[in-house]
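Enquirer: Let me begin by handing over the structure; questions about it come next.
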Amino acid sequence: MESLESDLEVFHGTSYNQAVTIKKNGFTFPHKSWPGDLGYGVYTFSDLNSEVYKDACSAALIYAKKYREGKPGVLKISLTYDESDIIDLDDEEVWRNLVGNINIFQDLIQERISVLEKANRGKSVVKRGNPDGVIIEEFLSFKDLKPKLIIKDRWEDIFDDKKRRGGQIPNSTVVVIREKSSISHIVDAFLRKEENYGS
C-alpha cells in the first residue's frame, strides 16, 4: 500500500542565540538527560487546533520569553511525515494502550527513574519529579515503537503575565519531533528567512 506524506508547520521557542545555532547546525536529539513530559525530542507548538487554542507562533514566543534567557527566538519548522510516523496521545485507543500497559513495565520505569535521578542529582528536573516522559519512553521501548512525532493537546504556561501553575485543561497542541528526518526546512519566524534542512 502506498504511503501518503503530509506536511505540518510547527513553532519552536528558544533563545535568539540558540535559534541562530539551530538554523546553522540543525537540532540535536540527546537522550541522556531526563525526558520531557512527552518523552525525548524537540518540543514545538502546532496550529492543528487553532480554532480553540492560542496560535502556535505566539505560544512559542511567550514560552521563550518566560523560560529562556536573553532575547527570545522562534523557529518555524516544516515537517514532512507519513501517518504511520505519528503517535497521537489524544487518540483514545493509543491512550488506553499506554495506560493499560503501565503495570506490566512498572519495574522498568522505576529502574530508569533511579538511574536518571542519580545522573541528574541536584537539578530542578529531579525535584519536579514528573515521571510521564519516562513512562512514555518505556512504553515505546516495550512496544518496539519508533515514532518520528508525538502529538498531544496539553496545558502549557503560555500566558503573557507571570508564570502560572499547570492545569489539566489543554490550551495548546504540542508536537514532539523525535527524528531529524521529519524536518524539511527551518524558517526564522521573525525574519522569514528560509533555510533548507536536509535529513
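The values are calculated or read from the model by the stated rules, or taken from the named source; none is laboratory data. What you see is a predicted model, and the numbers here were worked out from it, not measured in a lab. A quick note on method: Cβ atoms are made from the backbone with ideal geometry, for glycine too, and the neighbour counts reach across all protein chains shown. Note: accessible area is taken over every heavy atom of the protein model, side chains too, but ligands, DNA and RNA are not part of it. Shrake-Rupley method; radii C 1.70, N 1.55, O 1.52, S 1.80 Å.
Enquirer: Which FRET efficiency value, to the nearest 0.05, is calculated for S124 and Y16 with the Förster distance at 22 angstrom and r the Cβ-Cβ distance?
Expert: Numbers: r = 23 Å, r/R0 = 1.05.
It comes out at approximately 0.45.
Enquirer: Right, here's the next one. Which of V10, V94, G122 sits closest to the plus end of the dipole of the chain, meaning its Cα is farthest towards the positive end, when Lys and Arg get +1 and Asp and Glu get -1 on the C-beta?
Expert: Looking along the dipole axis, the top candidate is G122.
Enquirer: Pairs of Cα atoms under 8 Å, at least six residues apart: use those to get the relative contact order of the chain, whole percent. Don't skip to the answer; put the middle values down first.
Expert: Numbers: 352 pairs, mean separation 62.7, N = 199.
Relative contact order for the chain comes out at 31 percent.
Enquirer: Can you give me the % of accessible surface on the chain that is carbon or sulfur? Probe 1.4 Å, all protein chains present, nothing else counted.
Expert: On the way: 5610 of 11800 Å².
Result for the chain: 48 percent of the exposed heavy-atom area is carbon or sulfur.
Enquirer: Cα-Cα over 28 Å: which of K65/K146; K123/K152; K23/K66; K23/K143; K76/K118; K65/K152? Write out the running numbers ahead of the final one.
Expert: Numbers: K65/K146 32 Å; K123/K152 26 Å; K23/K66 22 Å; K23/K143 34 Å; K76/K118 36 Å; K65/K152 22 Å.
From K65/K146; K123/K152; K23/K66; K23/K143; K76/K118; K65/K152, over 28 Å: K65/K146; K23/K143; K76/K118.
Enquirer: Related question: Using the Karplus curve 6.51 cos²θ - 1.76 cosθ + 1.60 with θ = phi - 60°, work out ³J(HN,Hα) for each residue of region 25-35 in order, rounded to whole Hz, and write x for Gly and Pro.
Expert: Once θ is set to phi - 60°, the couplings for region 25-35 become 10, x, 7, 9, 10, x, 10, 9, 7, 5, x Hz.
Enquirer: Packing-wise, with mean Cβ within 10 Å as the measure, how do 141-149, 11-19 rank, highest first? Kindly include the intermediate steps, with their values, before the conclusion.
Expert: Numbers: 141-149: 14.6, 11-19: 20.6.
The most tightly packed comes first, giving 11-19, 141-149.
Enquirer: Right, another one. Can you give the accessible area per residue of the chain, in Å², using a 1.4 Å probe?
Expert: On the way: 11800 Å² over 199 residues.
Counting only protein heavy atoms, the per-residue value for the chain is 59 Å².
Enquirer: Moving on to the next point. Under the 0.36 nm per residue contour assumption, what length would be gained going from the current alpha-carbon distance of R96 and N25 to full extension?
Expert: Between R96 and N25, full extension yields an extra 21.7 nm.
Enquirer: Tell me, what ³J(HN,Hα) does each residue in region 126-142 have, in order and in whole Hz, if you take phi through Karplus 6.51 cos²θ - 1.76 cosθ + 1.60 with θ = phi - 60° and put x for Gly and Pro?
Expert: Rounded to whole hertz, the list is 6, 5, 5, x, 7, x, 4, x, 5, 4, 4, 5, 5, 4, 4, 5, 4.
Enquirer: What size of dipole, in debye to the nearest 20, comes out for the chain about its Cα centre when the only charges are +1 on Lys and Arg C-beta atoms and -1 on Asp and Glu C-beta atoms? Provide the component values of the computation, followed by the final result.
Expert: Details: 29 positive and 33 negative charges, 308 e Å.
The dipole of the chain has a size of about 1480 debye.
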